[in-house]
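Each remark here refers to the structure printed beneath this line.
Laboratory data are not the source of any read-out in this text; all were calculated from the coordinates shown. As the structure is a prediction and not an experimental result, all values here were calculated from the model. In this analysis, Cβ positions are derived from the backbone assuming ideal geometry, glycine residues included, and neighbour counts consider all displayed protein chains.
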Amino acid sequence: MSIAARYWRRMVRAYHLACARDDAAAHGVSAPSGVWVCHVCELPVLRMTTLVRHVRAEHVL
Ligand SMILES: [Zn+2]
């Protein structure tokens, strides 16, 4: 894996930690507390770890 790819993955992870809920709200998706929403396909999941796994599996960079 290149340094750029590694850096990008870290950026994506930081994005999910910080912004996933705000982004969902920006898209008009109501995200009750404890629920995470995928910023790509708006799939709601109950755990952040599940969301990260989903993004890696479904939205591979
Ligand atoms: Zn998704």
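Worth pointing out:
- Close amide H partners of Cys38, meaning residues 5 or more places away or on another chain with modelled amide H under 5 Å apart, are Leu43, Val45.
- Among 44-51, 2-9, the peptide with the highest mean count of other Cβ atoms within 10 Å heads the list, and the full ranking is 44-51, 2-9.
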